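Participant: One structure, as structure tokens, below. Some questions next.
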Amino acid sequence: MNIVKNMSVVAVSAIVLTSLILPIAAEQPTKVDFSNETVGAEPKSLVAVVGIWRIESEGGKNVLAVDGRQWKEGQSSAGVADKARALYGERYAEFLDRVQAYAYYPYTVAKDVENFRGGEITVRFEGLSGRIDQGAGILFNLKPNGDYLALRANCLENNLVLWKFEKGKRSSVSWVRNTPTASKQWHDLKVRVSGTKVEGYLDGKLYLSHTLSEPVSGRIGLWSKADSYMYFADYTVTSAN
């Protein structure tokens, strides 16, 4: 009887341990890797929708650059209609309408994450130049109609903002000042989403916390603004179960 009892305890313990381990295994981070990308070309792992995005080399490492030095009132990326069709199928025309409305704001969309509902998105960025802006952002909650949210840091303004883009208009959801973000230095940006709660981190420090009116659901990507010339690296997504 003791043997049977002990075996039962071991079995139950194994089940409990398995239940604890499996969720962790299911939440392995997805990292966008630029190491095998072609320098000078558009990224393959991200869809460039607005602006000029290309792979560049920095310190012997491939990084993603958004180059706004030739910015002129915003411009869609090359072949944007085909890209929109690949992302949203028959709803691509509706998506394109919003793209034109937001041509002031360059952004890319991650190919392999179709519906981010919660978890963490992180990226490292460096501001190289830009007289109007040096903005680096994480785009999320991107809908088929082109509406989305973006958590943005700015090397010129030293602030962290959660923006909402809806029906062709931009509005600030939450705004935090005095967030040191020096140009020509690498910084870490992170957005954490749990249900309707959104948190924004810069260089490991929590600066922004906001509760949305509804949960997040949609595609994700990277975001910038106007004449910003920025580097991005180590773009990582950890989705919650």
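Participant: Limited to the range 135-148, what total is found for residues that are open to solvent by 10 Å² or more (accessible area, probe 1.4 Å) and of a type outside the set (Asp, Glu)? First the steps, then the outcome.
Facilitator: Step one: of the range 135-148, the residues open to solvent by 10 Å² or more (accessible area, probe 1.4 Å) are 141, 143-145, 147.
Filter once more, so that each one left must be of a type outside the set (Asp, Glu): 141, 143-145.
The number of residues fulfilling the criteria is 4.
Participant: I'd like the residue in the range 231-241 that is open to solvent by less than 30 Å² (accessible area, probe 1.4 Å) and of a type in the set (A, V, I, L, M, F, W, C) and, out of all such residues, is nearest to the chain's Cα centre (by Cα).
Facilitator: The qualifying residue nearest to the chain's Cα centre (by Cα) is Val237.
Participant: Of the residues Leu162, Leu151, which single one is open to solvent by less than 10 Å² (accessible area, probe 1.4 Å) and within 22 Å of Val47 (Cβ to Cβ)?
Facilitator: Details: Leu162 fails: within 22 Å of Val47 (Cβ to Cβ).
It is Leu151.
Participant: Then there is this: For the range 208-230, what are the residues that are surrounded by 18 or more Cβ atoms within 10 Å (Cβ to Cβ) and not aliphatic (A, V, I, L, M)?
Facilitator: Going residue by residue through the range 208-230, those that are surrounded by 18 or more Cβ atoms within 10 Å (Cβ to Cβ) are 208, 216, 218-230.
Once the filter is applied, which keeps residues that are surrounded by 18 or more Cβ atoms within 10 Å (Cβ to Cβ) and not aliphatic (A, V, I, L, M), the range 208-230 yields Gly218, Arg219, Gly221, Trp223, Ser224, Lys225, Asp227, Ser228, Tyr229.
Participant: If we keep just the residues of the range 176-193 that are over 18 Å from the mean Cα position of the chain (by Cα) and outside any loop (DSSP other than H, G, I, E, B), which is surrounded by the most Cβ atoms within 10 Å (Cβ to Cβ)?
Facilitator: Top of the filtered list is Val176.
Participant: Kindly establish whether Glu114 is open to solvent by 30 Å² or more (accessible area, probe 1.4 Å), in a strand (DSSP E or B) and either under 14 Å from Asp203 (Cβ atoms) or in contact with a Lys or Arg (Cβ under 7 Å, 6 or more places away or on another chain) (or both).
Facilitator: No: the conditions fail for Glu114.
Participant: Out of (1) assigned to a loop (DSSP other than H, G, I, E, B); (2) surrounded by fewer than 19 Cβ atoms within 10 Å (Cβ to Cβ); (3) at pLDDT 75 or above; (4) not basic (Lys, Arg), the odd one out for Thr122 is which?
Facilitator: (1)
Participant: Being polar (S, T, N, Q), open to solvent by less than 40 Å² (accessible area, probe 1.4 Å) and in a loop (DSSP other than H, G, I, E, B), is that true of even one residue in the range 194-205? Steps first, answer last, please.
Facilitator: First pass over the range 194-205, keeping only residues polar (S, T, N, Q): 194, 196.
Checking which are open to solvent by less than 40 Å² (accessible area, probe 1.4 Å) leaves us with none.
No, the conditions are met nowhere in the range 194-205.
Participant: Can you pull out the residues in the range 141-169 that are assigned to a loop (DSSP other than H, G, I, E, B) and small (Gly, Ala, Ser)?
Facilitator: Of all residues in the range 141-169, those assigned to a loop (DSSP other than H, G, I, E, B) come to 143-147, 155-158, 167-168.
Within the range 141-169, Gly146, Gly168 qualify.
Participant: Sticking with this one: Give me the residue from the range 50-66 that is open to solvent by less than 20 Å² (accessible area, probe 1.4 Å) and at pLDDT 90 or above and, out of that set, farthest from the chain's Cα centre (by Cα). Spell out the reasoning first.
Facilitator: Going through the range 50-66, the residues open to solvent by less than 20 Å² (accessible area, probe 1.4 Å) turn out to be 50-51, 53, 55, 63-66.
Okay, now just the ones that are also at pLDDT 90 or above, so 53, 55, 63-66.
On the way: Trp53: 15, Ile55: 17, Val63: 15, Leu64: 13, Ala65: 14, Val66: 14 Å.
Filtering the range 50-66 for residues that are open to solvent by less than 20 Å² (accessible area, probe 1.4 Å) and at pLDDT 90 or above, the one farthest from the chain's Cα centre (by Cα) comes out as Ile55.
Participant: Right, Ser172: part of a strand (DSSP E or B), modelled with pLDDT under 95 and open to solvent by 50 Å² or more (accessible area, probe 1.4 Å) or not? Give the derivation first.
Facilitator: Values: part of a strand (DSSP E or B): yes; modelled with pLDDT under 95: yes; open to solvent by 50 Å² or more (accessible area, probe 1.4 Å): yes.
Answer is yes for this residue.
The values are calculated or read from the model by the stated rules, or taken from the named source; none is laboratory data. Just so it is clear, the structure is predicted and the values come from calculations on it, not from any experiment. With ideal geometry, Cβ positions are generated from the backbone for all residues, glycine too; neighbour counts draw on all protein chains shown. Each accessible area value is taken on the protein alone, full model and side chains, heavy atoms only, with ligands, DNA and RNA left out. Shrake-Rupley method; radii C 1.70, N 1.55, O 1.52, S 1.80 Å.
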